[in-house]
Amino acid sequence: LLAFFRGPREVGIYSIGVTLAELSWYVPSAIGGVLFPKVASEGRETDELTARLVRSIWPFVLLSELVIIGVSIPVVPALFGPAFRASLVPLVLLAPGIVSMSIVSLLGAHLQGRGHPLDSTWANVANVVVNIVVNVVLIPRFGAGGAAAASSVSYTAAAVLILLFWRRRSGVSLRDTLVPKREDLRSAGSALSRGGRAM
């Protein structure tokens, strides 16, 4: 759609923004791959584990996105030239969507492991439909920035839907799923400390 409405230049600008924004998404994606078989074998006993992962991972992804943006501001123009400074706009606009997709990755893996693959399917359908509609509205006027904003909107729509499915299936409140707790920070600190001593 971006190429159709705005041409290859906008696609190039957008592709750099997407590549940079997605760097922090690999962590929740990898964790989701490990979470699926654990949930499949242990069932409801993993509900609290999944909630703890979600409320711990999305702040990490958000912080990673902020670091990536900060580093990219001087680096992208230096590497690709001043014309590609425009790719910083889609990078920034994609950041909320990447945070949303970290939630989708983890909860989708859990729900599939619990035998509810259609929950993830419906979330993906919502993602695609919203993405197409918002792209058609925003791309002609805003180009790569509009495409990035459309992605963030559609990813967030998918996250909202998967959270509703998760709440219904697990009974875990959205607060307990999304709001970080002190014990989560202590656990992360202990893990980092053990890792540092091991090195």
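Between LEU164 and GLU42, the C-beta separation translates, for a Förster distance of 22 Å, into a calculated FRET efficiency of about 0.40. Which angle between 0 and 90 degrees, to the nearest 10, do you get for helix 117-142 versus the longest principal axis of the chain when only C-alpha atoms count? So the helix axis and the longest Cα principal axis differ by about 20 degrees. A cut-off under 15 angstrom between Cβ atoms defines the neighbours of SER173, and their net charge, with Lys, Arg +1 and Asp, Glu -1, is +4.
Which value does Rg/Rh take for the chain over its C-alpha atoms, Rh per Kirkwood?
Reported Rg/Rh, Kirkwood definition of Rh: 1.02.
Taking all protein chains as they are arranged and a probe of 1.4 Å, the heavy atoms of LEU164 leave approximately 100 Å² accessible to solvent. A 1.4 Å probe run over the range 42-199, with the rest of the protein chains in place, finds 51 Å² accessible per residue. For the chain, take the longest principal axis of its alpha carbons; what is the angle in degrees between that and the long axis of helix 47-80, to the nearest 10 within 0 to 90? Taking Cα atoms only, the helix is inclined about 20 degrees.
Count Lys and Arg as plus one, Asp and Glu as minus one, and take only other residues whose Cβ is under 9 Å from that of THR46; the net charge is then -1. Relative contact order for the chain: 31 percent, from Cα pairs under 8 Å spaced at least 6 residues apart, divided by residue count. Since only THR19, GLY108, PRO96 are under comparison, the one whose Cα sits farthest along the positive direction of the charge dipole of the chain, derived from C-beta charges on Lys, Arg, Asp and Glu, is PRO96.
The values are calculated or read from the model by the stated rules, or taken from the named source; none is laboratory data. Quantities reported herein were computed from a predicted structural model and do not represent experimental measurements. Counting neighbours? That spans all protein chains shown, and the Cβs are built from the backbone with ideal geometry, glycine included. Side chains included, ligands, DNA and RNA excluded: accessible areas come from the protein's heavy atoms. Shrake-Rupley method; radii C 1.70, N 1.55, O 1.52, S 1.80 Å.
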